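Presented below is the structure to which this report refers.
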Amino acid sequence: MQEINFNGQAKELPENWKEVKPEHLPRLLQLVYFTPDTPEKFHHMLQILLDMGGKQWRALMRKHFGPGIRKKVKEANAIVLHELIHQVRWMSKELSTEKPFPLLQYKEWSLLLPEEDFLTMSFGELSDAYIHFLVWIKQLVPGDTHLDLLVATICRPERTGEYWLEPNWNGDKREPYNEFMAREMAKKLAGMELSQKQLVLLYFAGNMQKVLARYELFDGEGGDPEEYPGQGWLKNQHILAEKGIFGTMQQAKEANLHDVLLFLEENKKDIKAANERKREEANQ
């Protein structure tokens, strides 16, 4: 933690995600993932980290930047605020992609985390995990139920037997993903220490950010808002199944995440190119 003097009071600002208070994590991750990097965003992040309510923060801004404040004083205050904002910009850049621990140990269960870059993760697993992630950080369902579901989705026991000798082994040491088994495991994980589950959440968030940045799927073109969390992911599963690209709906969900994302990226490029040709033909 970094000690600062803010508005005449001694305060602390976290210097990494592990130092963030658990109660601040959902709102901060929502800002990191779903809000453009604007001054307002970083003001909101500071407000959260400094445990200030909206009215309190606005009153503070009026005190230091209101119409009755002299220009030189405003400029000096702006320098101080800019330095504070600089001290929290790491939040948008430093989501860790490294495993926080080799195993997630709880009671009699030893659970393996997915590999970095989600190399062996299935498309269905990431789709479900992303939905749980979204529901939890937005607190669409109050509490930690969906945090438990996220952890149980991506952290699973090691496969049994000499699985590495099986001809169809895909390199994943974890038991194959099954959403119904994950729901049962989530109930068992409810009593786990919150900080442990949040380390898994941050590992997931960092790798998800890295993986999705690799593919040209989300380019900020807008579109209709989702009616429910993860609607776009589920639509893609149906499209893949209808086209039979990876087989049935279940086979599409079981297909390797990167294979699916690469196909969706190329398919998007093909659709864009076809639309451009149609526009050119219409203008001739």
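The values are calculated or read from the model by the stated rules, or taken from the named source; none is laboratory data. All values reported here derive from a predicted model rather than from experimental measurement. Glycine gets a Cβ as well: all are built from the backbone with ideal geometry, and neighbour counts include every protein chain shown. The protein model used for the area step is the full one, side chains on, heavy atoms only, and it has no ligands, DNA or RNA in it. Shrake-Rupley method; radii C 1.70, N 1.55, O 1.52, S 1.80 Å.
Quick check on the stretch 104-272: take the gyration tensor over C-alpha atoms, sort the square-rooted eigenvalues as a ≥ b ≥ c, and tell me if it's rounded (a/c under 1.5), prolate or oblate.
Oblate is the answer for the stretch 104-272, as a/c is 1.5 or above yet b/c matches or exceeds a/b.
Per residue and in Å³, how big is the convex hull formed by the alpha-carbon atoms of the stretch 233-272?
Considering the Cα atoms of the stretch 233-272, their hull volume per residue is 61 Å³.
Give the long-range amide H neighbours of residue 122: residues separated by 5 or more places, or on another chain, with amide H under 5 Å away, using H modelled in the peptide plane at 1.01 Å from N.
257
I want the antiparallel fraction of DSSP beta bridges within the chain, as a percent rounded to 5.
100 percent
Taking a quarter of the surface of the Cα convex hull of the stretch 94-154, what do you get in nm²?
5.0 nm²
R0 = 30 Å: FRET efficiency of residue 21 with residue 168, Cβ-based, nearest 0.05?
0.10
Can you list residues whose amide H is under 5 Å from residue 12's amide H, if they're 5+ apart or on another chain and H is modeled 1.01 Å from N?
Here 4 satisfy the definition.
Ranked highest first by average number of other Cβ atoms within 10 Å, how do 75-84, 231-240 line up?
231-240, 75-84
Can you list the HN-Hα couplings for the stretch 71-76, worked out from phi with the Karplus curve (6.51, -1.76, 1.60; θ = phi - 60°), rounded to whole Hz and with x for Gly and Pro?
For the stretch 71-76, the Karplus curve yields 4, 5, 5, 4, 5, 5 Hz.
Can you compute the helix-only [θ] at 222 nm over the chain? Use -39500 (n - 2.57) per DSSP H run of at least 4 residues, normalise by all residues, nearest 500 deg cm²/dmol.
The per-residue figure over the chain is -17000 deg cm²/dmol.
When N is the residue count of the chain, what does its C-alpha Rg come to as a fraction of 2.2 N^0.38 Å?
1.20
Starting from the Kirkwood radius over alpha-carbon pairs of the stretch 93-199, derive D by Stokes-Einstein at 25 °C in a medium of 0.890 mPa s and give it in µm² s⁻¹.
Estimated diffusion coefficient is 169 µm²/s.
What FRET efficiency comes out for residue 141 versus residue 3 if R0 is 35 angstrom and r is the Cβ-Cβ distance? Round to the nearest 0.05.
0.45
In the stretch 104-272, what percent of the accessible surface is made up of carbon and sulfur (1.4 Å probe, ligands and nucleic acids excluded)?
Roughly 52 percent, rounded to a whole number.
With every protein chain kept in place and ligands, DNA and RNA left out, what is the accessible area per residue of the chain? Probe 1.4 Å, answer in Å².
Accessible area per residue: 58 Å².
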